[in-house]
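First up is the structure itself, then whatever we jot down about it.
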Amino acid sequence: MKINIKRISKSNIESLDFDNIPFGKAFSDHMFVADYKDGEWQNFEIMPYSRMSMSPATMVFHYGQAIFEGMKASIDAEGNPLMFRVDEHAERINISAIRMGMPAFPKDVFKEAIRSLLCLDKDWIPKNEGSALYLRPFMIATDEYIGVKPSETYKLIIFTCPVGPYYTEPVKLITAEKYIRASKGGVGFAKAAGNYAGTLQPMKEAKAKGYDQIMWMSEDFKYIQECGTMNLFFIINGKVITPSTKDGTILKGITRDSFIQILKNKGYEVEERLLSIDEVVEASKNGTLEDVFGAGTAAVVAPVSEIRYKDLDIIIPPTDTRSISIMLKKELNGIRNGSIKDPFGWIEMIDKQEVASLEA
Ligand SMILES: Cc1ncc(COP(=O)(O)O)c(C=O)c1O
């Protein structure tokens, strides 16, 4: 496998204020592009981040064969780039691809592309606490054809953007009562673009009522699924509970899995099961609802301050009392930036020699 590299002639890094990074609006110098045609992935190339031109008949614009990943890289105190659970992201993009009738992408090229991007754009990895380099791999259908069928050609692109914290305040959730995000047999477990498109109008309505996110529910509106960009955890009477991913309606979050492993490693029991809104209401009424938080790559831990359910405001205890989620955030951020030893094998470091071999 050979990745052809075309370097940018002049870096754009001076345009970025590292103390004030807007989420998802600043893009680093290089991107990786690969093409799928004649039944195989080929033309592996890293090039300057740039716009693309496409025919209006390109299939992705019509039938939505589009999937993506979201992951983060950081830098340790010695200046070595660190990749977090890159194998799991490589596997998940392929789970999404297969569900959407798209070709799997070779894991070794995926990893190599990310390593090379991090070497070339090392200086774009923010060092401030709570900041990271967000990596956005995505795959789209590229046949110029307007009949409904799986495309025969695709592009996989990876670009990166330095990001600061996603939420600066605790989030307010509203329970879905009218719309659903995913149902059994659907594509809820895939990171498919259409899953997000379908939530945008409901999100607008939620925002208009003063809420940050919708808490998505099962088809009968009884059981809790997840939020638009995060899995959810509840602490009730000292027990950690998170909705099960077994029925395929929820994205199997890598942060969710990391928290489960950290908790189990520290001796906590974690229940992955159906969790009804009635159980949460009951726990709130009897004073055993101790914490609710979202878990996702972008936000890491997003404390929830309240949940609206029908006419009820479920108020979650103050964030400074929430020892478990405070611990999880500290552990995961520490493992990610290399300040806490990683006992799980999640971090892959890129050493100075490798960086020097590619640095512009
Ligand atoms: C719908 C949805 N659920 C959960 C998550 C959290 O997943 P992860 O922890 O892998 O970022 C995300 C974010 O990627 C998401 O978009």
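The values are calculated or read from the model by the stated rules, or taken from the named source; none is laboratory data. Everything numeric here is computed off the predicted structure, so don't read it as measured data. Backbone-built Cβ (ideal geometry, glycine too); neighbour counts: all protein chains shown. Remember, those area values only see protein heavy atoms, side chains included, never the ligands or the DNA or RNA. Shrake-Rupley method; radii C 1.70, N 1.55, O 1.52, S 1.80 Å.
For S96, state whether it is part of a helix (DSSP H, G or I), surrounded by 15 or more Cβ atoms within 10 Å (Cβ to Cβ) and hydroxyl-bearing (S, T, Y). For S96, the condition - part of a helix (DSSP H, G or I), surrounded by 15 or more Cβ atoms within 10 Å (Cβ to Cβ) and hydroxyl-bearing (S, T, Y) - is met. I235 falls short on exactly one of the conditions (1) open to solvent by less than 10 Å² (accessible area, probe 1.4 Å); (2) within 15 Å of the ligand (Cβ to nearest atom); (3) among the β-branched types (V, I, T), and that condition is (2). Within the stretch 332-352, take every residue that is charged (D, E, K, R) and farther than 19 Å from D257 by Cα and give me the one that is least open to solvent (accessible area, probe 1.4 Å). The selected residue is D351. The set of residues in the stretch 263-301 that are part of a loop (DSSP other than H, G, I, E, B), within 16 Å of the ligand (Cβ to nearest atom) and farther than 21 Å from R85 by Cα contains only L275.
Restricting the search to the stretch 46-67, which residues are crowded, with 18+ Cβ neighbours inside 10 Å and part of a strand (DSSP E or B)? Within the stretch 46-67, I46, T58, A66, I67 meet the criteria. Does the stretch 173-185 contain at least one residue that is surrounded by 18 or more Cβ atoms within 10 Å (Cβ to Cβ), in contact (Cβ under 8 Å) with a residue 60 or more places away in the chain and more than 14 Å from the ligand (Cβ to nearest atom)? Yes.
Quick check on T160: is it crowded, with 19+ Cβ neighbours inside 10 Å, away from the ligand (no atom under 13 Å from the Cβ), hydroxyl-bearing (S, T, Y) and on the phi < 0 side of the Ramachandran plot? Judged against the criteria, T160 is a match. Pairs linking a residue in the stretch 100-127 that is modelled with pLDDT of 95 or more to a residue that is open to solvent by 40 Å² or more (accessible area, probe 1.4 Å) and among the basic types (K, R), with Cβ atoms under 9 Å and 6 or more positions apart or on different chains, are G101/K149; L120/R7. The residues of the stretch 17-45 that are at pLDDT 95 or above and either of a type in the set (A, V, I, L, M, F, W, C) or crowded, with 18+ Cβ neighbours inside 10 Å (or both), listed by number, are F27, S28, D29, H30, M31, F32, V33, A34, Y36, W41, F44. Here S218 fulfils each of the conditions (1) modelled with pLDDT of 95 or more; (2) under 21 Å from the mean Cα position of the chain (by Cα) apart from (2).
Can we say N195 is more than 13 Å from the ligand (Cβ to nearest atom) and either not assigned by TED's automatic domain parsing to the domain that holds I140 or not charged (D, E, K, R) (or both)?
On the way: more than 13 Å from the ligand (Cβ to nearest atom): no; either not assigned by TED's automatic domain parsing to the domain that holds I140 or not charged (D, E, K, R) (or both): yes.
So N195 fails the test.
Any residue that is crowded, with 17+ Cβ neighbours inside 10 Å and within 16 Å of the ligand (Cβ to nearest atom) - is there at least one of those in the stretch 303-320? Looking for residues that are crowded, with 17+ Cβ neighbours inside 10 Å and within 16 Å of the ligand (Cβ to nearest atom), one finds at least one in the stretch 303-320, hence yes. In this structure, is M215 under 25 Å from V300 (Cα atoms), aliphatic (A, V, I, L, M), touching a Cys at 6+ places or on another chain (Cβ under 8 Å) and within 16 Å of the ligand (Cβ to nearest atom)? So M215 fits the description; yes.
Can you give me the number of residues within the stretch 249-261 that are touching a Leu at 6+ places or on another chain (Cβ under 8 Å) and either part of a loop (DSSP other than H, G, I, E, B) or surrounded by fewer than 19 Cβ atoms within 10 Å (Cβ to Cβ) (or both)?
0
Of all residue pairs spaced 6 or more apart or on separate chains, those with beta-carbon atoms under 6 Å, a first member in the stretch 216-230 that is part of a strand (DSSP E or B) and a second member that is more than 13 Å from the ligand (Cβ to nearest atom) and open to solvent by 60 Å² or more (accessible area, probe 1.4 Å) are Y223/L274. Restricting attention to the stretch 149-168, does a residue exist that is out of contact with any strand residue (DSSP E or B) (no Cβ under 6 Å at 6 or more places or on another chain), modelled with pLDDT of 95 or more and among the charged types (D, E, K, R)? Yes - at least one qualifying residue is present in the stretch 149-168. Listed conditions (1) touching a Leu at 6+ places or on another chain (Cβ under 8 Å); (2) crowded, with 17+ Cβ neighbours inside 10 Å are all met by D291, apart from (1).
Within the stretch 35-74, the residues that satisfy the criterion of being more than 16 Å from the ligand (Cβ to nearest atom) and among the aliphatic types (A, V, I, L, M) are I46, M47, M52, M54, A57, M59, V60. Among the residues of the stretch 238-248, those that are within 14 Å of the ligand (Cβ to nearest atom) and crowded, with 20+ Cβ neighbours inside 10 Å comprise T242, P243.
Table: residues versus (1) charged (D, E, K, R); (2) under 30 Å from V148 (Cα atoms); (3) part of a loop (DSSP other than H, G, I, E, B).
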| site | (1), (2), (3) |
| --- | --- |
| N20 | no, no, yes |
| F23 | no, no, yes |
| W41 | no, yes, no |
| K72 | yes, no, no |
| G79 | no, no, yes |
